[in-house]
Amino acid sequence: MDFSGKVVLVTGAASGIGEGTAKLFSTHNAIVVLADIDGDKAKEVASTLPADRTWARQVDVSDADAMTRLVKEVVEKFGGLDVLYNNAGIHQEGDVTKVSLEDWNRLLAVNLTGVFNGSRAAIPELAKRKGCIINTSSVSGMGGDINMAAYNAVKGAITNLTRAMAIDHGRQGVRVNAVCPTMTATAMTKDMLADKETVKHQLDRVPLGRIGTPEDIGKAVLFLASDYAGFVTGVNLAVDGGVTAANGQPLYES
């Protein structure tokens, strides 16, 4: 895959899946804009990449005006936009009786409205260059989890928003897909993965027998952004080591 001359905007690029994916795009010669609410950390990551085709920007994806300005700035600086990776997100545990209204609204604002804001700002520019959008959904957007009602709700919405945007904008030449990771080793999951019992329970669900990495997810994003996926749109691609292949029965004989 060669993304030479392609302009890629990655949100949530200062850490985790966003950082790993931004670095992969750079390795494959893309011009990469690393956007994150933590602007200093985004600059730190950008400093490890080629200076002539890397740009770090501070942005809150839940702010529609800020996302519109960011897309405008990217187009003015680099001449266009080819790929938007809507990756920024936060996590919230709890059932509906335990999640506060404030936390519910913040989760929707970042994880779901952030995708809406970025996509709405970018689609007119992507249409000019037959570009694409990739969203970060989750296996939690394909089925339910215990004690994660709000997170399941927003990821389920992203899953179906991906399909809707693919239908709405396909005739403009804009493809829209999503990756759906399972538990992945990032700063967001660091505390959970420090618990041996949690890791054991996770691995019991994964046919490939390991925890995913940001690079695992990033490689799937690059595929969806590439010409190899030129006839692929509206897909929510499970990147989960086989978790969603199971029907709920135990994976291994006792």
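What to note about this one:
- Any chance residue 250 is surrounded by 15 or more Cβ atoms within 10 Å (Cβ to Cβ) and not aliphatic (A, V, I, L, M): no
- Odd one out for residue 234, checked against (1) under 25 Å from residue 26 (Cβ atoms); (2) touching a Lys or Arg at 6+ places or on another chain (Cβ under 9 Å): (1)
- Candidates 243, 206, 154: the one that is surrounded by 14 or more Cβ atoms within 10 Å (Cβ to Cβ), touching a Leu at 6+ places or on another chain (Cβ under 7 Å) and either at pLDDT below 95 or not aromatic (Phe, Trp, Tyr) (or both) is 154.
- Test: residue in the range 140-163 that is farther than 22 Å from residue 244 by Cα and under 16 Å from the mean Cα position of the chain (by Cα): no
- The range 188-203, subset within 21 Å of the chain's Cα centre (by Cα) and surrounded by fewer than 11 Cβ atoms within 10 Å (Cβ to Cβ), residue modelled with the highest pLDDT: 191
- Matching option when the condition is under 21 Å from residue 156 (Cα atoms) and of a type outside the set (Lys, Arg), among 240, 204, 216, 227: 240
- Some residue of the range 241-249 being part of a helix (DSSP H, G or I) and closer than 16 Å to residue 135 by Cα: no
- Taken over the range 157-168, the residue count meeting the criterion of being crowded, with 20+ Cβ neighbours inside 10 Å and either modelled with pLDDT under 95 or more than 21 Å from residue 106 (Cα to Cα) (or both) is 2.
- Selection count where residues are in contact (Cβ under 8 Å) with a residue 40 or more places away in the chain, closer than 19 Å to residue 86 by Cβ and in a helix (DSSP H, G or I), scope the range 141-152: 3
- Residue count for the range 209-240, restricted to those that are of a type in the set (Lys, Arg) and either crowded, with 20+ Cβ neighbours inside 10 Å or in a helix (DSSP H, G or I) (or both): 1
- Matching residues in the range 76-108 - criterion: being more than 19 Å from residue 139 (Cβ to Cβ), of a type in the set (A, V, I, L, M, F, W, C) and within 20 Å of the chain's Cα centre (by Cα): 81, 83, 84, 104, 108
The values are calculated or read from the model by the stated rules, or taken from the named source; none is laboratory data. Just so we're clear, the structure is a prediction, and the values are computed from it rather than from any experiment. Every residue, glycine among them, receives a Cβ derived from its backbone with ideal geometry; neighbour counts consider all protein chains shown.
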